[in-house]
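What follows is calculated from the coordinates using simple rules that are stated; it is not laboratory data. Predicted model only: the values in this text are computed from it and were never measured. As a convention, Cβ positions derive from the backbone with ideal geometry for all residues, glycine included, and neighbour counts pool all protein chains shown.
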Amino acid sequence: MLNTDTARERVFTSDDTKKILVTWFNALQERDAHIGQRRINGRAWRAELRRAAAPYGVMVYEGYHTLRGLLERVMPLNHVDSLALAVFVCAAAHADKNTSGRSFAAQLGENIKGRACLSALRFDRLQDTREPAEFCRQLVRAVKLRGKEGVNIVSLADGIFLWMREWQAREEHQPECSDPFSRNRIRWASEYMKAGN
């Protein structure tokens with residue numbers, strides 16, 4: 001039986017992983033933040049991550065490595081997941097706030113001031129990307145367009161990890177997943193279109 005719930009997370013399904021993502025993101029919004037027992041200047045981390053060359057540049061900063069270390073405690077991360085995490089860190093550093101409730105793709109399709117947050121043309125451009133660096137650039141633009149509305153951090157991470165795993169499968173000439181509702185492109189398109197209607 002196919003699961004047609006395209007908004008449900010497929011990678012970040014445990015409460016522990018979701019909490020780590022949100023806690024890390026919230027720490028980036030504060031000057032005096034705590035991650036575990038560590039005291040950090042989250043705003044400084046955020047500024048570093050925003051200035052880094054996307055997506056690989058964030059991999060040399062403490063903000064990336066801290067998140068990676070926290071996630072590795074609760075879920076295995078392979079090589080492509082490390083790159084997916086870098087893309088996520090780049091995009092999340094540009095988000096103003098975490099807004100849960102709707103999926104990231106649905107948030108892109110939400111009507112704001114009488115039109116979709118991300119135009120259909122820009123959404124198609126995001127969906128048509130084939131390389132991680134371009135995907136990251138398109139995501140950063142989309143996150144910036146959301147502005148003060150914020151994005152669903154967990155849904156954003158989940159979509160990025162799915163996209164990267166599908167990219168790796170294409171690079172290795174593996175067949176696509178037989179369940180279309182598990183494919184990120186189908187999931188995002190479904191959520192985007194539902195939000196606009």
### For Val60, Val80, order by how many other beta-carbon atoms lie within 10 Å, fewest first
Val60, Val80
### Task
Report which label in (i) 28, 17, 16; (ii) 28, 24, 18; (iii) 25, 20, 16 holds the value of semi-axes √(5λ) of the Cα gyration tensor in Å derived from the coordinates of this structure.
(iii)
### Task
Would you list, by chain and number, the lysines whose Cα falls below 24 Å from the Cα of Lys19, excluding same-chain residues fewer than 8 positions away?
Lys97, Lys144, Lys148
### Task
Pull out the extension gain between Glu62 and Arg130, defined as 0.36 nm times the separation in residues minus the alpha carbon to alpha carbon distance; nm, one decimal.
21.7 nm
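For the range 15-196, what relative contact order do you get, as a whole percent, if you take Cα pairs closer than 8 Å and at least 6 residues apart?
24 percent
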### Task
Give the distance, in whole Å, between the Cα centre of the range 136-197 and the Cα centre of the range 38-76.
21 Å
### Query
If you line up the long axis of helix 62-72 against the longest principal axis of the chain, both from Cα atoms, how many degrees apart are they, to the nearest 10?
70 degrees
### Acute angle (nearest 10 degrees) that the helix 132-146 long axis makes with the longest principal axis of the chain, alpha-carbon atoms
80 degrees
#### Entry: Per-residue ³J(HN,Hα) for the range 81-95, Karplus 6.51 cos²θ - 1.76 cosθ + 1.60, θ = phi - 60°, Hz, x for Gly and Pro
5, 5, 5, 4, 5, 5, 5, 4, 4, 4, 5, 5, 4, 9, 7
### Helix 15-28 axis, angle to the chain major axis (alpha carbon atoms, nearest 10°)
60 degrees
### Query
Which residues in the range 113-155 have a backbone N closer than 15 Å to a point placed 7 Å from the Cα of Asn26 along the Cα-to-Cβ line?
153-154
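Given R₀ = 22 Å, FRET efficiency for Ser178-His79 by Cβ-Cβ distance, to 0.05?
Once rounded, the FRET efficiency stands at 0.35.
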### Message
From the helices alone, meaning DSSP H stretches of at least four residues, give me the mean residue ellipticity at 222 nm for the chain, per-run term -39500 (n - 2.57), in deg cm²/dmol to the nearest 500.
### Response
-17500 deg cm²/dmol
### Message
Sort 151-164, 25-38 by packing, meaning the average of other beta carbons within 10 Å per residue, with the highest value first.
### Response
151-164, 25-38
